Amino acid sequence: MRIAMIGTGYVGLVSGACFSEFGVNVVCVDKDAEKIERLKQNIMPIYEPGLDKLVESNVRAGRLSFTTDLAEAVAGADAVFIAVGTPSRRGDGHADLSYVYAAAREIAQSLEGYTVVVTKSTVPVGTGREVERIIREARPDAEFDVVSNPEFLREGSAINDFMRPDRVVIGTEVERAREVMRQLYRVLYLIETPIVFTSLETSELIKYAANTFLAAKITFINEIADLCEQVGADVHDVARGIGLDGRIGKKFLHPGPGYGGSCFPKDTLALVRTARDKNSPLRIIETVVDINEQRKKRMADKIVAACGGSVAGKTVAVLGLTFKPNTDDMRDSPSLDIIPALQKQGALVRVFDPEGMNEARKLLSDIVYCDNAYDTMDGADALAILTEWNEFRALDLTRVKSLLKRPIMVDLRNIYNPADMAEAGFTYRCVGRPGVN
């Protein structure tokens, strides 16, 4: 089989590389000529563990290629995937579908023979029907069907998520299109991965419902963490106690500074806007969005409080800038709220992140970027951990203590044990667990 993947962002590049690993011939398309040229040299535009090796091996095998020529890639393809960005639209929070619709118009001009046009991008309910209308209007003679096939990739573990997913969702009511999709996902059929066939609209909503539910789960445990701090309980024990209930599950019950990234912030907001437009408001998700935004801002206050109520003229060492480990993604990262808030209160901020420094430099100014974790601490008044990279989990606490002016650590990811920190002589503050002085 042969497919075209329109867009070489996170979803398009990972999906294209993984499909080629399944034995499908994949052509990835992007308008950015520089990006395509770099991909041909096996230089990845994103950081995702294992992606460079996967791309390299499939390019060498002749199953994966890159081009700026959409027409050539689409012509003769069995399926064309739309995997372009759908960022939040400025002003109203709706998903910006301009790239999706522009891709549909270009695809229409190049269709040859029966083709399945697949929306892989995260799109609101009704987008697939509009894509179909656009193509049909431009090419009344074309033989095609539009299918929804949302992605459920977690940054940092995307390849495994694609290769061994919990499920695959395919939205179409046309048997011919279903058969094309069955063939594309044949490898997953063989390992008995659940394949959920449903309508176009249902498939589109499943993606949003999944992400907003997970965002709500994160927000729930964050609020429970706040209550734990007030009553002297340990949120980790609470999370374990409720997570062992099979109806709840243990995943996404890790307290922290709030969710970020490329999906949850924009998807929760987009679903809220869609629901309001349909006069069926989602009050729970509206509250989740509001709580998460406020939470990220309040985390700076936790750092200030640990520093005695003021950071004016003080240096704060920050470890971790990306919204989660194993990615260079800075989109809606809590650090983008926390660091400016510290700066506004007069702090000098020194930072280190294993992969996010280049992206951070585009977004955060007037901070000192350091070469490693310990460089941030040299002469600092306090240390704050914002992202739980593995290399931050086993810091030499004796060395940390010797570098800091005062042994103050604010651990917003709870990667250290309060008892161990007390024994090491730290003033330790975390989230939803008793701290130590």
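The values are calculated or read from the model by the stated rules, or taken from the named source; none is laboratory data. A quick note: this is a predicted structure, and the numbers were derived from the prediction, not measured. For neighbour counting, all protein chains shown are included, and Cβ atoms are generated from backbone atoms with ideal geometry for every residue, glycine included.
Condition test on residue 371, is it surrounded by fewer than 18 Cβ atoms within 10 Å (Cβ to Cβ), of a type in the set (Asp, Glu) and over 30 Å from residue 158 (Cα atoms)?
So residue 371 does not fit the description; no.
Please state which of the following conditions residue 309 fails to meet, knowing it meets all the rest: (1) part of a helix (DSSP H, G or I); (2) over 25 Å from the mean Cα position of the chain (by Cα).
(1)
Can you tell me which residues in region 277-292 are at pLDDT 95 or above and assigned to a helix (DSSP H, G or I)?
Correct list: 283, 284, 285, 286, 287, 288, 289, 290, 291, 292.
Return yes or no: is residue 342 more than 26 Å from the chain's Cα centre (by Cα) and at negative phi?
The answer is no for residue 342.
What is the number of the single condition among (1) crowded, with 19+ Cβ neighbours inside 10 Å; (2) in contact with a strand residue (DSSP E or B) (Cβ under 6 Å, 6 or more places away or on another chain) that residue 151 does not meet?
Just one mismatch for residue 151, condition (2).
Which one of 162, 213 is surrounded by fewer than 19 Cβ atoms within 10 Å (Cβ to Cβ) and assigned to a helix (DSSP H, G or I)?
Only one candidate passes the filter, namely 213.
When you go through (1) within 16 Å of residue 263 (Cβ to Cβ); (2) basic (Lys, Arg); (3) touching a residue at least 24 places away in the same chain (Cβ under 8 Å) one by one for residue 186, which number turns out not to apply?
Looking at each condition in turn, residue 186 falls short on (1).
At pLDDT 95 or above, buried (at least 18 other Cβ atoms within 10 Å of the Cβ) and over 19 Å from the mean Cα position of the chain (by Cα): does that describe residue 233?
For residue 233, the condition - at pLDDT 95 or above, buried (at least 18 other Cβ atoms within 10 Å of the Cβ) and over 19 Å from the mean Cα position of the chain (by Cα) - is not met.
Tell me the helices (runs of 4 or more DSSP H) entirely within region 1-84 that contain at least 1 residues that are of a type in the set (S, T, N, Q) and not assigned by TED's automatic domain parsing to the domain that holds residue 261.
10-21, 51-60
Can you confirm whether region 261-272 contains a residue that is of a type outside the set (A, V, I, L, M, F, W, C), in the same structural domain as residue 417 (by TED's automatic domain parsing), modelled with pLDDT of 95 or more and in a loop (DSSP other than H, G, I, E, B)?
no
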